[in-house]
1. Just for helices (runs of 4 or more DSSP H) wholly inside region 5-70: which have at least 2 residues that are farther than 20 Å from Leu88 by Cα and in contact with a helix residue (DSSP H, G or I) (Cβ under 8 Å, 6 or more places away or on another chain)?
2. Quick one: in region 15-36, of everything that is touching a residue at least 12 places away in the same chain (Cβ under 8 Å) and polar (S, T, N, Q), which residue is surrounded by the fewest Cβ atoms within 10 Å (Cβ to Cβ)?
Amino acid sequence: MRWKQIGERIEKVRKQNALSLRLLGEITGISGQYLGQVEKGKGGLSVESVVQLCNTMNVSADYLLFGRGLTAGGVVDGLSAEQIDITLEIARRVTYFVNSRGGE
């Protein structure tokens, strides 16, 4: 894999979505610090992490991995910082609820 190019595309899409490394890390469950290393080409990602990033930023894996295809608008486009915080809190609560039920 060409992690440097992949990292550059991740950074580009993250910034287009107005996401900080910290916030993207919180949403995806991937350390923001580690995401920063990936963006610099100094780390790789599992398939699961690539899928999580694609879903969060509403971009195709084909684009992130190979630079092909079009990117779509991100899931937080047009949201204020407060709306992003509320969305993140809802996601945390849903995750907690699902995990507390054993993933049923």
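1. 32-39, 61-66
2. So, considering only residues that are touching a residue at least 12 places away in the same chain (Cβ under 8 Å) and polar (S, T, N, Q), the one surrounded by the fewest Cβ atoms within 10 Å (Cβ to Cβ) is Gln33.
Since every read-out is calculated from the coordinates, none of them should be taken as a lab result. None of these values were measured; they are calculated from a predicted model. In this analysis, Cβ positions are derived from the backbone assuming ideal geometry, glycine residues included, and neighbour counts consider all displayed protein chains.
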